[in-house]
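Quick note: the coordinates plus some simple rules give every number you see, no bench work behind them. Predicted, not measured: the structure shown is a model, and the values here were computed from it. Reconstructed Cβ throughout: ideal geometry from the backbone, glycine too, with neighbour counts over all protein chains shown.
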Amino acid sequence: MTETTGLVVRAFRDADEPTVTELWNRVFGYPAARNAADRVIEQKRKVQPELFLVAELAGDVVGTTIAGDDGHRGWVHLVAVSPDHRGRGIGRTLVLDAAARLRERGVPKLNLQVRGDNPGVVAFYESLGFEVEDRISLGLLLGDDG
């Protein structure tokens with residue numbers, strides 16, 4: 001891993017929306033309406049917006065993560081790094097920054113979920129100290145758009 005000099009992690013700004021949308025579509029390409037970038041961004045602006053983080057390099061947004069907590073458990077979602085900038089420690093920096101911000105809020109544990117069709121990313125998270133836990137993830141769609 002090579003460290004990226006000049007990388008800045010900061011809170012999302014409204015002006016970042018087009019770039020973040022393009023990045024998420026490129027990295028995730030989620031087809032479900034509930035995962036559309038504009039919808040996710042709108043929802044995160046309402047809840048703990050200070051934990052919507054972007055990685056900026058030379059004025060360009062090259063990565064994102066969304067963190068949040070319920071006061072007891074923290075979560076990270078949408079860790080995305082531009083394919084053009086991978087392997088430079090940007091994802092690592094984003095996750096560790098989110099963890100530090102949650103720790104400052106008094107959150108004792110950070111959780112995340114990995115899609116079953118993306119097992120290769122597990123090694124990345126393990127390198128950051130995460131452990132695979134024996135859990136079953138359940139979900140319930142609360143709207144009619146699922």
Self-check item: Check on ARG39, charged (D, E, K, R), under 22 Å from ARG115 (Cα atoms) and either surrounded by fewer than 18 Cβ atoms within 10 Å (Cβ to Cβ) or out of contact with any Gly (no Cβ under 8 Å at 6 or more places or on another chain) (or both)
Solution: yes
Exercise. Considering only residues that are in contact (Cβ under 8 Å) with a residue 24 or more places away in the chain and assigned to a helix (DSSP H, G or I), look in region 96-121 and name the one that is nearest to LEU78 (Cα to Cα).
Key: ALA98
Quiz item: Tally time: how many residues in region 56-93 are farther than 17 Å from GLN113 by Cα, in a loop (DSSP other than H, G, I, E, B), of a type outside the set (S, T, N, Q) and under 17 Å from the mean Cα position of the chain (by Cα)?
Solution: 4
Self-check item: Hits in region 14-44 - residues which are touching a residue at least 12 places away in the same chain (Cβ under 8 Å) and not aliphatic (A, V, I, L, M)
Solution: ASP16, GLU17, THR19, THR21, TRP24, ASN25, ARG26, PHE28, ARG34, ASP38, LYS44
Quiz item: Looking only at region 102-144, which residues are surrounded by 10 or more Cβ atoms within 10 Å (Cβ to Cβ) and under 19 Å from PHE28 (Cα atoms)?
Solution: LEU112, GLN113, VAL114, VAL121, VAL122, PHE124, TYR125
